[in-house]
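Encoded as structure tokens, the structure appears first; notes follow it.
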2 protein chains.
Amino acid sequence: MPQKYDEASRPIGVFDSGVGGLTVVKELNKLLPNEKIVYFGDTGRVPYGNKSRETIIHYSLQVAYFLMKKKIKMLVVACNTASSVSLPTLKRHFHIPIIGVIEPGAKTAIETTKTGKIGVIGTLGTVRSNSYKKALKKIKKNVNVLQDPCPLFVHLAEDGWNKNKIAQMVSDEYLKIFEGKGIDTLILGCTHYPLLKDVIQRSVGKKVQLIDSGKETAKEVEQILSKKSLLNPYKMTEKNHSVFYVSDFPHKFKEVSQRFLSKELKHVHKVIL
Amino acid sequence: MPQKYDEASRPIGVFDSGVGGLTVVKELNKLLPNEKIVYFGDTGRVPYGNKSRETIIHYSLQVAYFLMKKKIKMLVVACNTASSVSLPTLKRHFHIPIIGVIEPGAKTAIETTKTGKIGVIGTLGTVRSNSYKKALKKIKKNVNVLQDPCPLFVHLAEDGWNKNKIAQMVSDEYLKIFEGKGIDTLILGCTHYPLLKDVIQRSVGKKVQLIDSGKETAKEVEQILSKKSLLNPYKMTEKNHSVFYVSDFPHKFKEVSQRFLSKELKHVHKVIL
């Protein structure tokens, strides 16, 4: 087997603080059905959004080392908080392609906006890091960015309260900050938020385009692998499939993960880092 | 110095998944101003309420070993989730007095109720463990217990959304389950919930007595130490004071901890377990 073929047949590593990153896996599966995924969800320490920079970097390195041992060809940090905080450190430590969800989301938002006014919502960690703002301004200097942390959204999504009256009220309360500000594009800067898409859309009105960073990240993965000739030429088989690792099996894990992946999660193992 | 004096001058260990246990420290300080506290808040892995039994026990043992090395004379598990799940294991491992917040809360609820119908609210972990129900039925067999998990309350309290309209709506939505059920006593089965006391009281009506488990636990600590002649005969000094350990310093830590303790938190150190 030529060396390149061997490398291309390796899995893609996907890392998230919990189950939210499964929304990125879902998009990867759609776009790249041949690609094996090795996923790590840090369910034993979730959420990252309310932890310090130092702790988030420490946890991210632990998870990345674990995934590197699985011989991944590329690493996707499918958690906005970890992408915001840990990406530079991870890129210094490891020499495979590493991408987060921030830049792909920012790129699409710039392509989408007509008013040049973009809203960003995410966890406290993501918003405080200003990483979307920086990524957006790097592409287009004079873009106008308005950010707002929505910490309760994660818990609403995980508890399955993503479509009820309370979800709508919480959403309206958080997003009223954007009223009359002229934004026409809103980045869903957390992998949990696509589950609240309907209530968010109602809060900001139909005219605002929602950008799902996870979806854009999957497209970016395809482009990078294609450019580097690393797309897997082999089909997945019964013996050669995606594997999912978690640091805890919380109650309702199956139900919650199914909600995020839109199918049953198979081959799941618990590991302690 | 007689041996008993030496033992009595040791600190009380208080353990919580995060800052919620500071509400118990506040009550201990009020009742027992001579007692030094060594507190551990597992802020790097908070919350426990959404983790599995196995993981909660693993974390609890790690924290308890850390506190034992600080030569504590007694351990207070000031987290309802950890009390519900880890207490039997902790009692098997260590031979100092160990109490949780469940039994003191249950005892007072039984003394308070006239209708014999008691409501319990807590995290998913606490409610699923049925620990309040078991503790209540152990004291009075024919008591009627109605439980309801309120997972969002923790996040509302930590985000400072404990008195606004959303908090009231979430509370009304959770607590409508108790309507017309005849409960006259409601146990606040999570150390975060006393911060939401006002909205909870409005949801269930004035006639329902709220039981703050943390407050009742402080009374129990006093009784145990007094019975065992372990009350500290010495006053705290500048050099000999309470110490607080956390596994992370999240953003707004100072502000949030102040909200729970009602005063500034001094002598705080970060440790990685």
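The values are calculated or read from the model by the stated rules, or taken from the named source; none is laboratory data. Every value quoted in this text rests on a predicted model; they were computed, and no experiment measured them. FYI the Cβ positions are ideal-geometry reconstructions off the backbone, even for glycines, and counts take in every protein chain you see.
Which of (1) more than 14 Å from every other protein chain (Cβ to nearest Cβ); (2) surrounded by 21 or more Cβ atoms within 10 Å (Cβ to Cβ) does B:Lys51 not meet, given it meets every other one? Looking at each condition in turn, B:Lys51 falls short on (1). For A:Gly119, the stated conditions hold: it is more than 22 Å from A:Val46 (Cα to Cα) and either buried (at least 20 other Cβ atoms within 10 Å of the Cβ) or at pLDDT below 95 (or both).
Does the range B:132-155 contain any residue that is within 16 Å of the chain's Cα centre (by Cα), more than 14 Å from chain A (Cβ to nearest Cβ), modelled with pLDDT of 95 or more and within 26 Å of B:Leu261 (Cα to Cα)? So far as the range B:132-155 goes, yes, one or more of its residues are within 16 Å of the chain's Cα centre (by Cα), more than 14 Å from chain A (Cβ to nearest Cβ), modelled with pLDDT of 95 or more and within 26 Å of B:Leu261 (Cα to Cα). Considering only residues in the range B:47-69 that are assigned to a loop (DSSP other than H, G, I, E, B) and touching a helix residue (DSSP H, G or I) at 6+ places or on another chain (Cβ under 9 Å), the one that is farthest from B:Glu264 (Cα to Cα) turns out to be B:Ser52.
Would a scan of the range B:60-77 turn up a residue that is of a type in the set (Ser, Thr, Tyr), in contact (Cβ under 8 Å) with a residue 40 or more places away in the chain, buried (at least 18 other Cβ atoms within 10 Å of the Cβ) and within 14 Å of chain A (Cβ to nearest Cβ)? First the steps, then the outcome.
Start the filter on the range B:60-77 by keeping residues that are of a type in the set (Ser, Thr, Tyr), which leaves B:60, B:65.
Then drop every residue that is not in contact (Cβ under 8 Å) with a residue 40 or more places away in the chain, which leaves B:60.
In the following step, the residues that additionally are buried (at least 18 other Cβ atoms within 10 Å of the Cβ) were identified as B:60.
Next cut, within 14 Å of chain A (Cβ to nearest Cβ) only: B:60.
Within the range B:60-77, one or more residues are of a type in the set (Ser, Thr, Tyr), in contact (Cβ under 8 Å) with a residue 40 or more places away in the chain, buried (at least 18 other Cβ atoms within 10 Å of the Cβ) and within 14 Å of chain A (Cβ to nearest Cβ).
Selection over the range B:79-108 of residues that are among the aliphatic types (A, V, I, L, M) and within 18 Å of B:Pro149 (Cα to Cα) gives a count of 5.
Residues in the range A:196-215 that are more than 11 Å from A:Gln168 (Cα to Cα) and of a type in the set (S, T, N, Q): A:Gln209, A:Ser213.
Per-residue answers, yes or no, for (1) assigned to a helix (DSSP H, G or I); (2) among the charged types (D, E, K, R); (3) surrounded by 22 or more Cβ atoms within 10 Å (Cβ to Cβ):
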| residue | (1), (2), (3) |
| --- | --- |
| A:Asp6 | yes, yes, no |
| A:Val19 | no, no, yes |
| A:Lys26 | yes, yes, no |
| A:Lys30 | yes, yes, no |
| A:Pro33 | no, no, no |
| A:Arg45 | no, yes, yes |
| A:Ser86 | yes, no, yes |
| A:His95 | no, no, no |
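Restricting attention to the range B:108-131, the residues that are more than 14 Å from every other protein chain (Cβ to nearest Cβ) and either of a type in the set (Asp, Glu) or within 15 Å of the chain's Cα centre (by Cα) (or both) total 5.
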